[in-house]
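Trainee: Take this structure, written in structure tokens, and hold onto it; I'll ask about it next.
The values are calculated or read from the model by the stated rules, or taken from the named source; none is laboratory data. The model shown is predicted, which means the values in this text are computed figures rather than measured ones. Neighbour counts run over all protein chains shown; Cβ positions are idealised from the backbone, glycine included.
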């Protein structure tokens, strides 16, 4: 009788046991937590701020809404959401406690404290009831989830009917020449920058590799549809370096 084969997945360019990936990702973000926001500015030349503002423009936050920001890290998306809808409520949810700890040191965490929760947990097994939130966001985090389909299924479950999913993630540039140039920048600049600023080249090597493993825009849109979402669409940002995907629970 043959032994059942162990399920595997990718961790950057490595093939690893599926059950090991979450711990490895946790290690990456624990290592970079204290320099995460600084590195975001350095890696993207500050453009990530424009992408996040574009996300808020499309999302159009409203007072009274309940936001679940998964892989919310240091709170960037939640802070932006509450700035536009001061009487909404945001739950910052992340698998890495040290990222949440860093977020709670930011000035916005104090000024918006009455409208914020910080919870550590697993995107594939959310500790919330069905139909609990109006909006689910995940920014630069879905590609790190071991089973993306499970995370999308959980997003659908916890959203109320009429609720909205929005994903901001690195993606694929449709122009092969521009993609080649972007790859050269990513692999030759970002890991050394991680070493210089965060004293951690390996974590940023993984983050660059993980971008290349993430499915292109239309493939990911179809994954969102299969999770049950309707009116799924996407918008490319900076020629496709990043993309916003939107879906509704009808």
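Trainee: Would you confirm, using the coordinates I've provided, whether residue 28 is under 19 Å from the mean Cα position of the chain (by Cα) and either surrounded by fewer than 19 Cβ atoms within 10 Å (Cβ to Cβ) or modelled with pLDDT under 95 (or both)? Can you show your working first?
Mentor: Details: under 19 Å from the mean Cα position of the chain (by Cα): yes; either surrounded by fewer than 19 Cβ atoms within 10 Å (Cβ to Cβ) or modelled with pLDDT under 95 (or both): yes.
So residue 28 passes the test.
Trainee: Still on this structure: Specify which of the listed residues (122, 101, 41) is in contact with a helix residue (DSSP H, G or I) (Cβ under 8 Å, 6 or more places away or on another chain) and without any contact (Cβ under 8 Å) to a residue 24 or more places away in the chain. Even if it seems obvious, please write down each step before you answer.
Mentor: Details: 122 fails: without any contact (Cβ under 8 Å) to a residue 24 or more places away in the chain; 101 fails: without any contact (Cβ under 8 Å) to a residue 24 or more places away in the chain.
After ruling out the rest, the residue left standing is 41.
Trainee: Need a quick list: helices (runs of 4 or more DSSP H) entirely within region 1-78 having at least 1 residues that are more than 23 Å from residue 244 (Cβ to Cβ). Break it down into steps so the answer makes sense when it comes.
Mentor: On the way: elements: 18-32, 36-44, 47-59.
It comes to 18-32, 36-44.
Trainee: Looking only at region 192-202, count every residue that is surrounded by fewer than 19 Cβ atoms within 10 Å (Cβ to Cβ) and either in contact with a helix residue (DSSP H, G or I) (Cβ under 6 Å, 6 or more places away or on another chain) or modelled with pLDDT of 95 or more (or both) and tell me the total. Spell out how you get there, then give the answer.
Mentor: Within region 192-202, the subset surrounded by fewer than 19 Cβ atoms within 10 Å (Cβ to Cβ) is 192-193, 195-197, 199-202.
Then drop every residue that is not either in contact with a helix residue (DSSP H, G or I) (Cβ under 6 Å, 6 or more places away or on another chain) or modelled with pLDDT of 95 or more (or both), which leaves 193, 195, 197, 200-201.
Residues flagged as surrounded by fewer than 19 Cβ atoms within 10 Å (Cβ to Cβ) and either in contact with a helix residue (DSSP H, G or I) (Cβ under 6 Å, 6 or more places away or on another chain) or modelled with pLDDT of 95 or more (or both) within region 192-202 amount to 5.
Trainee: Condition (residue is within 21 Å of residue 21 (Cα to Cα) and touching a strand residue (DSSP E or B) at 6+ places or on another chain (Cβ under 8 Å)) applied to region 216-234: is it met by at least one residue? Walk me through how you get there before you give the answer.
Mentor: Filtering region 216-234 for residues within 21 Å of residue 21 (Cα to Cα) gives 220, 223.
From what's left, touching a strand residue (DSSP E or B) at 6+ places or on another chain (Cβ under 8 Å): 220.
Among the residues of region 216-234, at least one is within 21 Å of residue 21 (Cα to Cα) and touching a strand residue (DSSP E or B) at 6+ places or on another chain (Cβ under 8 Å), which makes the answer yes.
Trainee: Moving to a separate point now. Identify, by number, the condition in (1) over 25 Å from residue 77 (Cα atoms); (2) touching a helix residue (DSSP H, G or I) at 6+ places or on another chain (Cβ under 7 Å); (3) at pLDDT below 90 that residue 187 doesn't meet.
Mentor: Result: residue 187 fails condition (3) only.
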